[in-house]
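Notes follow once the structure below has been shown.
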Protein chains: 2
Amino acid sequence: MQVIERWGVFEAALHGKTEGNPFTDYEISGTFTSSKETVRVTGFYDGDDIYKVRFMPSFTGEYRYEISGSFSDEVFTGEFTACEASGNNHGPVRVANTYHFAYEDGTPYYSVGTTCYVWDLQPEEVHQKTLEELRKGYFNKMRFCVFPKHYIHNFRDPISFPFEGTPMDSSWLNEENFQTDIDLSDNDWDFTRLNPEHFRNVERCIVELMELGIEADLIVMHPYDRWGFSHMDRAADDLYWKYVLARFSCFRNIWWSLANEYDLLCDKTLEDWEHYADLILTYDPYHHLRSIHNCHAFYDFTRPWITHCSMQRQDLYRHVEYTNDYRIRYGKPVVWDELAYEGDIDQGWGNITGEELIRRFWEGSLRGGYCGHGETYTVPDDILWWSHGGELHGESPARIRFLHGILCQTPGIGLKEVPGEFDELVSVAELAPAEDYRIYYYGFGRPSFRKFSMPEGISYKVEVIDTWDMTVTDAGIHTGTFRIPLPAKQYMAIRLTRV
Amino acid sequence: MQVIERWGVFEAALHGKTEGNPFTDYEISGTFTSSKETVRVTGFYDGDDIYKVRFMPSFTGEYRYEISGSFSDEVFTGEFTACEASGNNHGPVRVANTYHFAYEDGTPYYSVGTTCYVWDLQPEEVHQKTLEELRKGYFNKMRFCVFPKHYIHNFRDPISFPFEGTPMDSSWLNEENFQTDIDLSDNDWDFTRLNPEHFRNVERCIVELMELGIEADLIVMHPYDRWGFSHMDRAADDLYWKYVLARFSCFRNIWWSLANEYDLLCDKTLEDWEHYADLILTYDPYHHLRSIHNCHAFYDFTRPWITHCSMQRQDLYRHVEYTNDYRIRYGKPVVWDELAYEGDIDQGWGNITGEELIRRFWEGSLRGGYCGHGETYTVPDDILWWSHGGELHGESPARIRFLHGILCQTPGIGLKEVPGEFDELVSVAELAPAEDYRIYYYGFGRPSFRKFSMPEGISYKVEVIDTWDMTVTDAGIHTGTFRIPLPAKQYMAIRLTRV
């Protein structure tokens with residue numbers, strides 16, 4: 001009998017009918033049953049007469065399945081075994097305790113994300129370079145899109161399109177005309193016929209990320225469009241959404257991002273977004289994480305279907321520093337998916353220093369939120385990590401990996417901010433007594449020492465953390481009132497661990 | 001006949017009675033009359049049987065005076081001539097047009113301040129070093145105190161005290177005990193007898209600053225005290241205030257700061273502050289600028305006696321960026337007297353980088369506010385500019401002087417913020433058409449170019465300003481839509497001047 005890992009993917013590929021339009025004229029679904037769960041999933045047409053049903057077992061044990069639908073006159077049944085997970089397979093990420101995440105097996109998940117919007121639609125050479133960078137373990141979440149991207153640095157066509165048809169000519173596009181001179185009717189799509197090859201390109205990336213232990217924060221809609229994919233009607237949207245859900249829900253590392261910058265999709269109303277959310281709730285039986293990302297105004301993150309806040313900064317100067325406010329306001333994990341990117345392009349969202357990016361990561365993470373990276377250095381071949389992947393050029397990735405290592409040392413799951421002096425950020429473990437584990441962060445301040453007055457009778461191991469040079473230096477065991485020398489540099493932290 | 005410059009100081013020194021207490025038992029006042037003004041001023045006892053009356057003529061021409069009071073049975077009269085001002089004498093600084101300052105002769109005054117709280121009470125060697133730095137022209141306003149300062153780095157006694165008596169022993173003070181173990185009764189002061197030598201020390205500094213073209217923003221009260229000067233009763237406060245006003249009002253460069261961090265003076269009520277303000281209004285006939293500086297909460301800057309907002313940042317991350325908000329709220333000039341100091345001490349108010357200090361100066365100044373410097377580097381002899389003066393060690397002073405040069409090139413008087421893109425600060429001349437003169441500032445952003453779409457038909461001289469390297473580079477004449485390359489560094493600005 002076939003053996004699948006718990007949280008792995010079982011797939012049935014079946015020949016079926018092809019008369020008419022297989023994407024719209026037939027359905028396929030499966031019911032998977034073990035002693036612990038019964039799950040009904042919808043399948044999809046993968047081209048070449050093949051229909052597929054996929055399933056992710058949430059438990060170990062024997063599974064039976066029955067697959068049927070108008071795609072075939074037959075009913076298909078079978079069995080497989082779900083064995084224990086292995087390696088870096090810890091199951092899907094869940095909200096663990098209001099503000100933090102853990103994998104389904106209980107392992108804490110400290111999100112350190114990055115964004116490569118359309119790395120899934122780049123030539124193979126770029127794709128391989130991206131994988132090479134990702135293997136270095138800088139990040140454990142990646143935001144990327146199903147649809148291709150139209151924007152500065154994104155005038156080349158993607159390697160595939162999501163629908164059958166012909167795209168507009170893009171050879172005349174440049175920075176001056178790309179926002180004003182687009183005529184969507186220069187594209188010719190059949191919005192009733194999806195292109196399976198395109199979704200296989202996306203899927204390949206999801207699986208590669210899964211193998212690397214990286215969550216795939218999949219952006220299903222977005223406004224940066226010259227093809228009309230952001231202006232489809234309800235029928236086309238629904239066909240697309242259901243296809244995405246039927247095809248990708250089985251992957252344990254999927255997170256659903258309804259949109260990047262939903263508020264720039266001028267055709268779509270709040271009712272539309274709530275409708276897409278309903279589709280996810282209906283067609284994703286695994287309850288993957290769900291959010292929606294803003295440009296200007298946050299979506300109402302109190303909506304019950306939203307599992308976590310996917311935030312873009314709303315002010316140039318103060319943003320991740322509001323993490324605690326948003327935790328209180330929304331009662332959900334706060335994920336800063338856009339806090340400006342390391343780079344040097346003309347626009348402010350993509351030209352901060354590595355130092356400032358890392359400061360923001362520490363500010364957001366120590367306050368019990370989660371931060372995301374991006375890189376937008378001007379490079380000769382116009383391959384920017386933020387959109388295409390490729391090579392990393394910046395100083396922040398290694399520091400993000402270092403921060404992740406520190407976060408993973410938190411007792412229990414997750415950090416939170418507690419009141420401190422005006423000039424320090426004090427972070428403690430969410431689930432441990434506040435006096436047991438404390439990180440003091442000084443950001444752009446350069447103290448040459450700091451004084452502490454801790455409760456008498458508690459001894460602390462004191463460490464000086466250089467968040468930029470990535471060192472943790474033992475500063476001895478201290479108790480009561482003590483003074484810790486510092487090198488008068490920016491971006492230093494002091495950690496106190498009760499011993 | 002004696003000749004005094006307009007806005008210079010006329011002084012009459014007269015022998016008078018000394019029985020009893022000359023500070024409390026006698027008065028002296030003078031009336032000064034020219035064809036343009038009649039001014040009554042109060043005098044003061046300067047020790048050694050000498051009473052003095054001082055006067056600042058606000059006009060040129062012939063002045064007659066009559067001095068009398070209980071200090072003497074005689075009435076003294078005389079004449080002098082006020083001639084035109086010369087050199088850097090432009091008269092007192094006034095509020096010129098709601099948000100900005102100009103000297104009384106109409107010359108715009110762009111405030112770039114510094115703070116040396118008790119430089120007036122330091123040994124001669126330190127004093128001379130301070131003057132040497134001030135002669136370099138970095139600053140045109142200095143905040144300093146009449147009372148000595150008690151705080152970290154301030155345990156040595158001042159060179160003089162404001163009252164007759166004996167101070168507490170200070171040899172045992174250190175960073176651990178200085179805030180908790182002070183017994184004010186270890187001091188022995190006669191609060192009815194001022195010490196003229198002390199006020200001569202302060203006065204010397206006022207005059208030295210005046211000669212250097214630097215405004216003396218005199219802090220009359222403050223909370224950092226081990227001698228009881230912040231806990232005097234109403235009678236002692238009044239005697240002190242009236243003495244300060246009688247003695248120093250004559251100096252054209254005086255600004256009155258009722259207090260540094262008024263909200264830390266725990267004995268004083270709002271009624272007290274309003275009373276001190278009344279004393280200034282009564283005893284300063286020249287209407288020098290008046291404000292009061294906060295630690296936590298701003299004083300109500302809408303009070304009619306307050307001429308400008310003397311602000312300390314209320315948030316660690318966003319402060320000078322609120323300048324335009326405060327201009328709107330208070331309708332007065334916004335002066336950021338504390339926005340954190342360049343240095344490396346333990347506390348966040350005194351350990352930011354020169355870069356960050358200069359960024360704050362540009363942010364505040366381009367928004368039509370004014371900023372103040374301070375320096376708190378840990379140095380072996382514990383002489384910190386912020387409190388003592390002495391030598392400057394930082395990178396910011398030269399950049400502040402450079403900024404001042406740019407500010408002085410503003411058409412008319414003063415800058416203001418106008419709406420721009422999210423990632424830029426756009427500043428225009430307050431009194432010129434917004435399209436005539438524009439500075440775009442990018443702060444911590446590092447754009448490698450910026451695009452402009454200006455009204456057709458207007459040609460601009462374009463300059464790239466490196467606010468850190470202090471260069472202004474000609475980028476040619478441009479019109480309409482154009483693109484200006486930048487070096488992808490932080491702290492750059494682009495200036496457009498209509499030609």
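The values are calculated or read from the model by the stated rules, or taken from the named source; none is laboratory data. Everything numeric in this text was worked out from a predicted model, so none of it was measured. Quick reminder, even Gly has a Cβ in these numbers, built from the backbone with ideal geometry, and neighbours come from all protein chains shown. Side chains are part of the model used for accessible areas, which takes the heavy atoms of the whole protein and leaves out ligands, DNA and RNA. Shrake-Rupley method; radii C 1.70, N 1.55, O 1.52, S 1.80 Å.
Key figures for this structure:
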| quantity | calculated |
| --- | --- |
| Loop chymotrypsin sites (Phe, Trp or Tyr not before Pro), segment A:284-336, which have at most 16 other Cβ atoms in a 10 Å radius of their Cβ (DSSP) | A:305, A:317 |
| Residue A:481-residue B:381 FRET efficiency (beta carbon distance; Förster radius 35 Å; 0.05 resolution) | 0.85 |
| Bridge type composition, the protein assembly as shown - antiparallel percent by DSSP, nearest 5 | 70 |
| Rg to Rh quotient for segment A:415-498, alpha carbon positions, Kirkwood Rh | 0.93 |
| Rg(Cα)/(2.2 N^0.38 Å) for segment A:7-117, N = residue count | 1.32 |
| Using a 7 Å Cα-to-Cβ projection, residue B:170 label spacings across copies, nm, ascending | 7.1 |
| Residue mean of other protein chain beta carbons inside 10 Å, B:308-320 | 3 |
| Accessible solvent surface per residue of segment B:85-204, calculated while the other protein chains remain in place, 1.4 angstrom probe, Å² | 39 |
| Under DSSP loop assignment and at most 12 Cβ neighbours within 10 Å, longest trypsin sites (Lys or Arg not before Pro)-free interval of chain A | A:137-499 |
| Evaluated at q = 0.13, 0.22, 0.23 Å⁻¹: base-10 log I(q)/I(0), Debye formula over Cα of segment B:172-243 | -0.54, -1.08, -1.12 |
| Per the axis that maps chain B onto chain A, nearest residue of B (Cβ criterion) and its distance in Å | B:318, 2 |
| Where N is the number of residues in segment A:1-66, Cα Rg divided by 2.2 N^0.38 Å | 1.22 |
| 0 to 90° range, to nearest 10: angle between helix A:124-134 axis and chain A longest Cα axis | 30 |
| Semi-axis lengths, Å, the protein assembly as shown, gyration tensor of Cα atoms, sqrt of 5 times eigenvalues | 68, 33, 21 |
| Estimated dipole of chain A in Debye, rounded to 20 [Cβ of Lys and Arg +1, of Asp and Glu -1, Cα centre] | 2500 |
| Two-site label geometry, residue A:169 and residue B:171: point separation in nm, points 7 Å out along Cα→Cβ | 9.4 |
| Carbon and sulfur %, accessible surface of the protein assembly as shown computed with the full protein complex present, 1.4 Å | 48 |
| By accessible area with a 1.4 Å probe, ligands and nucleic acids excluded, highest first: order of B:194, B:184 | B:184, B:194 |
| Label point 7 Å beyond Cα along the C-beta direction, distances from residue A:381 to other copies (nm, shortest first) | 6.0 |
| Efficiency of FRET between residue A:395 and residue A:473 - r from beta-carbon atoms, R0 22 angstrom, step 0.05 | 0.60 |
| Loss of accessible area when A meets B, both sides summed, Å² nearest 100, probe 1.4 Å | 3300 |
| Dipole magnitude of the protein assembly as shown, debye to nearest 20 (Cβ charges: Lys/Arg +1, Asp/Glu -1, about Cα centre) | 120 |
| Copies compared at residue B:188 - label distances in nm, ascending, label defined 7 Å from Cα in the Cβ direction | 10.6 |
| Equivalent ellipsoid, segment A:217-287 (semi-axes from 5 times Cα gyration tensor eigenvalues, Å) | 20, 13, 11 |
| Relative contact order (%) - criterion: Cα under 8 Å, at least six apart; region: chain A | 12 |
| Between segment B:336-400 and segment A:445-499, the Cα center-to-center distance that results, in Å | 25 |
| Rounded FRET efficiency, nearest 0.05, which uses the C-beta distance separating residue A:282 from residue A:62 and R0 of 35 Å | 0.80 |
| Inter-chain shielding of A:335-348 (mean C-beta neighbours from other protein chains, 10 Å cut-off) | 4 |
| Amide N of segment A:322-365 lying under 11 Å from the label point, which is placed 7 angstrom from the Cα of residue B:451 along Cα→Cβ | A:346-347 |
| Peptide-level mean, for B:417-424, of C-beta atoms on other protein chains within 10 Å | 3 |
| Rg over Rh [alpha-carbon atoms, Kirkwood Rh] for segment B:254-346 | 0.98 |
| Pair residue B:408, residue B:186: separation of 7 Å Cα→Cβ label points (nm) | 4.8 |
| Debye intensity ratio in log₁₀ form over the Cα atoms of segment B:232-391, taken at each q of 0.08, 0.13 Å⁻¹ | -0.27, -0.70 |
| Too-long pairs where the Cα-Cα distance tops 32 Å, listed order kept, from A:141/A:242; B:129/B:268; B:141/B:451 | B:129/B:268; B:141/B:451 |
| Loop GluC sites (Glu not before Pro), segment B:407-460 (other Cβ atoms within 10 Å of the site Cβ: 10 or fewer; DSSP) | B:456 |
| Degrees between helix B:234-248 axis and first principal axis of chain B (Cα, 0 to 90, nearest 10) | 70 |
| Kirkwood estimate for segment B:51-183, i.e. one over the average of 1/r between Cα atoms, Å | 19.6 |
| Where Rh is the Kirkwood radius over Cα pairs, Rg/Rh for chain B | 1.00 |
| Between 0 and 90°, nearest 10: helix A:396-407 axis offset from chain A longest Cα axis | 70 |
